[in-house]
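Peer 1: Provided herewith is a single structure, encoded as structure tokens, for subsequent inquiry.
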Amino acid sequence: MKTRIGFVSNSSSSSFIFALKEKPSAEDIHRELWDDSNGFGYEEMALHIFHDLQNAKPLSYKELLQEFTYGWFPEDENPNKAPQPEQFNRKNGKTDWLAYSVAHDKYRHKLAEEWINQFPDHQFYQLEYSDHDGVQHSQLEHEVPWYNWKNVFVLINH
């Protein structure tokens, strides 16, 4: 049995990849995520995202592929799409983790290229929000309906 002494974190983080022709206004962000709803904190969250995007630098193609290689997203658990560890079992019953890792990276690169190709003439930016960075970042990670915005890809890094 292993014992850990010291700080143990149970915080999560998520990366959000944006495909943008130009950086949006806070009002545009609000509209993309919440339509015309004015729920508690929506305006503040949109403004926070706006400021973060203003300070974000575009990702290179290599950085973009690297972001897609790590993290988790729902398609990972779909055996009809993503490679699964059990597909790489050897005759001795042990998993060939290297072969699985190579196949998984190829799958992720293909997924990244398919998503990137939907947005010609766009720049790509990454924002990351984490429970560890306080209440507001936790809200940005968990309470924003990111899937409403088709130009945002969500990668969960838990």
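Peer 1: By its C-alpha gyration tensor, with a ≥ b ≥ c as the square roots of the eigenvalues, how is the stretch 9-69 shaped: rounded for a/c under 1.5, else prolate for a/b larger than b/c, else oblate?
Peer 2: Oblate, because a/c is 1.5 or more while a/b does not exceed b/c.
Peer 1: Here's something else I'd like to know. Which of rounded, prolate, oblate describes the stretch 13-156, given a ≥ b ≥ c as roots of the alpha-carbon gyration tensor eigenvalues and a/c under 1.5 marking rounded, otherwise prolate only if a/b is larger than b/c?
Peer 2: Prolate.
Peer 1: Not counting the cut sites, what is the longest span of the chain without chymotrypsin sites (Phe, Trp or Tyr not before Pro) that DSSP labels loop and that have at most 11 other Cβ atoms within 10 Å?
Peer 2: 71-158
Peer 1: Shape verdict for the stretch 48-111, please, from the Cα gyration tensor: rounded (a/c under 1.5), prolate (a/b greater than b/c) or oblate.
Peer 2: Since a/c reaches 1.5 and a/b is larger than b/c, the shape of the stretch 48-111 is classed as prolate.
Peer 1: What residue among 106, 91, 57 shows peak mean-square fluctuation when the chain is described by a Gaussian network model with Cα springs under 10 Å?
Peer 2: Maximum among the listed residues: 91.
Peer 1: Something else now. Out of 63, 113, 86, any idea which swings most in a Gaussian network model of the chain, alpha carbons joined below 10 Å?
Peer 2: Of 63, 113, 86, the most mobile in the Gaussian network model is 86.
Peer 1: Something else about it: In whole percent, what relative contact order does the stretch 13-156 give with Cα contacts below 8 Å and a gap of six or more residues?
Peer 2: Over the stretch 13-156, the number comes to 48 percent.
Read-outs: derived from the displayed coordinates by stated rules, not from any lab. Not measured: the values here are computed from a predicted model. Methodologically, a virtual Cβ is constructed for each residue, glycine included, from the backbone with ideal geometry; neighbour enumeration extends over all protein chains shown.
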